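Q: Sharing a structure with you now.
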Amino acid sequence: MARTETLVKLVAAALLGLALPAHAQDAEPAAEFWAAREATIEGLESAARVRLGIWDSGVEPALFPGQVALGADGAPIVRGYDAFKQRQDTALAVLPAALLERRAELNDILRALDDRDSGVDSPQARAIAERLRQQTPAEAAGFDDALGRWSGYVHGTGIADIALAGNPHAEIVIARMEWWHGSPPQPCWTRGLAAREAASVADLLGFLVDNGVRVVNMSWGRAERAYLSNLKACAPDMPEEERLALARYTVETIRAALIEGMKAAPRVLFVGAAGNAGSDMKTANPATLFALPNFLLVGAVDRHGRATEWTNTGPEVTLYANGDRVPARLPDGGPSFPSGTSMAVPLVVNAAAKVLAVQPQLDGAGLRTLLERTATRNGTGQPLLHPQRAVEAARQIPAN
């Protein structure tokens, strides 16, 4: 989700714990590269439903009629945690009324930033660039706070829209989490919050598995530097070595919870985002830096299948998908075109769900292997997702 340079530092210590790209690679029109690789799954009227976990900032269920998993009470299956890591089972974050009243303005700003950061020379992109240029420091701080919270609020809905596209056999279960906000950030990070964060991660992972999810979308990483950024802003007197120790403890505690939960769920494929700092994974050190047969880390290339400067890389990143101006919807149903590894992940989840509609017997490791095996490499060696080949390969697997 590439919005604006002013948000790079904000979002690194905000909802997703990921630094986001300031610019897409170029300003050319969208190519047919990815459209030619798309998969369709007609003729599966009797296929079983494939449940996807949207583990993100929340989803607007009203946008997806018939594709939100419902509980015995007929309500969407949702579990959530607020920024203080307390249970708050709402499909979307609970925001101040004053911020919600600005939804139309903030959505327009996001779309303008999508254009600007993708190199689209639209009147909206020029207007937002001029607005940012003219802001006073106080205005910039207020702008960053409001837009940072709104970007987090809408993020999961766009993820769900991408993951569900073209697949009437898929439905979502919503696992919601929030991050800190404001300047200085609230809450200020502590060892107690780190423990609660890890406990909430374990709980949400178990919740998704217990509700029959087969593929989990994790467009986040919980990077070490995000926690360092929080502490630098809100605890400036804390010695640097203490900040580093707390950040590392947080990452390692969350990582342990993820590994334990994923090992216990071999039928599920978990798909994580590599991140957008333009570094190797070891330097970024997200909580998702580990290897398991049913866990897949996804990087981003552009809409022509070419390498970007901003995606994180490394041997741990075994599949790449488009992360450049990916069509999605905002909670009001309006369009957006965000960029980042956050958007590459649901494209992989979408392909995985279509494969499962064809071959539901695949477990998490088998699904990952098929997606990797059917990838093709671009000119610089990145293995690129090929949904069409993946679905075709799934059709050739003999039924048990």
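The values are calculated or read from the model by the stated rules, or taken from the named source; none is laboratory data. No experiment lies behind these values; they were computed from the predicted model shown. All Cβ positions, even for glycine, are placed from backbone atoms using ideal geometry, and neighbour counts span all protein chains on display.
Q: With respect to the numbered conditions (1) surrounded by fewer than 21 Cβ atoms within 10 Å (Cβ to Cβ); (2) farther than 30 Å from S200 by Cα; (3) not aliphatic (A, V, I, L, M), which one is the sole condition not fulfilled by Q88?
A: That leaves (2) as the condition not met.
Q: Run down D115, D108 and say which single residue is farther than 30 Å from V355 by Cβ, acidic (D, E) and surrounded by fewer than 18 Cβ atoms within 10 Å (Cβ to Cβ).
A: Going through D115, D108 in turn, the sole match is D108.
Q: Also, I was wondering about something else. The conditions are (1) in contact (Cβ under 8 Å) with a residue 12 or more places away in the chain; (2) under 24 Å from V173 (Cα atoms), and Q388 fails exactly one of them. Which is it?
A: Going through (1) in contact (Cβ under 8 Å) with a residue 12 or more places away in the chain; (2) under 24 Å from V173 (Cα atoms) one by one, Q388 breaks only (2).
Q: Pairs, please: C-beta under 8 Å, at least 6 apart or cross-chain, first residue farther than 11 Å from L110 by Cβ and in segment 146-157, second at pLDDT below 95 and assigned to a helix (DSSP H, G or I)?
A: Taking only residues 6 or more apart or on different chains, the pairs are G148/L7; G148/L10; G148/V11; G152/V11.
Q: For the subset of segment 375-400 comprising residues that are at pLDDT 95 or above and charged (D, E, K, R), which member is surrounded by the most Cβ atoms within 10 Å (Cβ to Cβ)?
A: R389
Rundown of residues vs (1) in contact with a strand residue (DSSP E or B) (Cβ under 7 Å, 6 or more places away or on another chain); (2) among the charged types (D, E, K, R); (3) farther than 25 Å from R222 by Cβ; (4) at pLDDT 95 or above, yes/no style:
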residue: A104; (1), (2), (3), (4): no, no, yes, yes
residue: S122; (1), (2), (3), (4): no, no, yes, no
residue: A140; (1), (2), (3), (4): no, no, yes, no
residue: A170; (1), (2), (3), (4): yes, no, yes, yes
residue: S183; (1), (2), (3), (4): no, no, no, no
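Q: Restricting the search to segment 327-356, which residues are assigned to a loop (DSSP other than H, G, I, E, B) and within 9 Å of A300 (Cβ to Cβ)?
A: From segment 327-356, those assigned to a loop (DSSP other than H, G, I, E, B) are 327, 330-334, 337-340; that's our starting set.
Once the filter is applied, which keeps residues that are assigned to a loop (DSSP other than H, G, I, E, B) and within 9 Å of A300 (Cβ to Cβ), segment 327-356 yields S339, G340.
Q: Go through segment 203-258 residue by residue and tally those that are touching a Ser or Thr at 6+ places or on another chain (Cβ under 8 Å), over 30 Å from K354 (Cβ atoms) and aromatic (F, W, Y).
A: So the answer is 1.
Q: Restricting the search to segment 90-121, which residues are closer than 30 Å to V209 by Cβ and touching a residue at least 40 places away in the same chain (Cβ under 8 Å)?
A: Here is the first cut: in segment 90-121, the residues closer than 30 Å to V209 by Cβ are 90-95.
T90, A91, L92, A93, L95 - these are the residues of segment 90-121 that are closer than 30 Å to V209 by Cβ and touching a residue at least 40 places away in the same chain (Cβ under 8 Å).
Q: Being closer than 28 Å to N322 by Cα, surrounded by 15 or more Cβ atoms within 10 Å (Cβ to Cβ) and hydrophobic (A, V, I, L, M, F, W, C) is the requirement here; does L269 meet it? Let's see the steps before the verdict.
A: Working: closer than 28 Å to N322 by Cα: yes; surrounded by 15 or more Cβ atoms within 10 Å (Cβ to Cβ): yes; hydrophobic (A, V, I, L, M, F, W, C): yes.
It is true that L269 is closer than 28 Å to N322 by Cα, surrounded by 15 or more Cβ atoms within 10 Å (Cβ to Cβ) and hydrophobic (A, V, I, L, M, F, W, C).
Q: Quick one: would you say G80 is assigned to a strand (DSSP E or B) and farther than 25 Å from F337 by Cβ?
A: Spelling it out, G80 is indeed assigned to a strand (DSSP E or B) and farther than 25 Å from F337 by Cβ.
Q: Which of (1) under 24 Å from W310 (Cβ atoms); (2) small (G, A, S); (3) surrounded by fewer than 24 Cβ atoms within 10 Å (Cβ to Cβ) does A344 not meet, given it meets every other one?
A: Failing condition for A344: (3).
Q: Of the residues A22, A69, only one is modelled with pLDDT of 95 or more and surrounded by fewer than 21 Cβ atoms within 10 Å (Cβ to Cβ); which? I'd like the intermediate steps shown before the answer.
A: Numbers: A22 fails: modelled with pLDDT of 95 or more.
Every option except A69 fails the conditions.
Q: What number goes with the only condition from (1) touching a Leu at 6+ places or on another chain (Cβ under 7 Å); (2) surrounded by 24 or more Cβ atoms within 10 Å (Cβ to Cβ); (3) under 25 Å from P335 (Cα atoms) that H169 does not pass?
A: Tallying (1) touching a Leu at 6+ places or on another chain (Cβ under 7 Å); (2) surrounded by 24 or more Cβ atoms within 10 Å (Cβ to Cβ); (3) under 25 Å from P335 (Cα atoms), H169 fails exactly one: (2).
Q: Which of the residues belonging to segment 359-374 are surrounded by fewer than 19 Cβ atoms within 10 Å (Cβ to Cβ) and either within 12 Å of T318 (Cβ to Cβ) or of a type in the set (F, W, Y) (or both)?
A: Going through segment 359-374, the residues surrounded by fewer than 19 Cβ atoms within 10 Å (Cβ to Cβ) turn out to be 360-361, 363, 365, 369, 372-373.
Scanning segment 359-374 gives T369, E372, R373.
Q: Could I ask something else about it? Residue check, W189 against (1) buried (at least 21 other Cβ atoms within 10 Å of the Cβ); (2) without any contact (Cβ under 8 Å) to a residue 24 or more places away in the chain; (3) of a type outside the set (D, E), all met but one. Which one?
A: So the condition that W189 fails would be (2).
Q: Could you go through segment 44-60 and let me know if any residue there is among the acidic types (D, E), farther than 30 Å from L385 by Cα and either surrounded by 12 or more Cβ atoms within 10 Å (Cβ to Cβ) or at pLDDT 95 or above (or both). Working first, answer last.
A: Residues of segment 44-60 among the acidic types (D, E): 45, 56, 60.
With farther than 30 Å from L385 by Cα added as a condition, the list becomes none.
Checking segment 44-60: not a single residue is among the acidic types (D, E), farther than 30 Å from L385 by Cα and either surrounded by 12 or more Cβ atoms within 10 Å (Cβ to Cβ) or at pLDDT 95 or above (or both).
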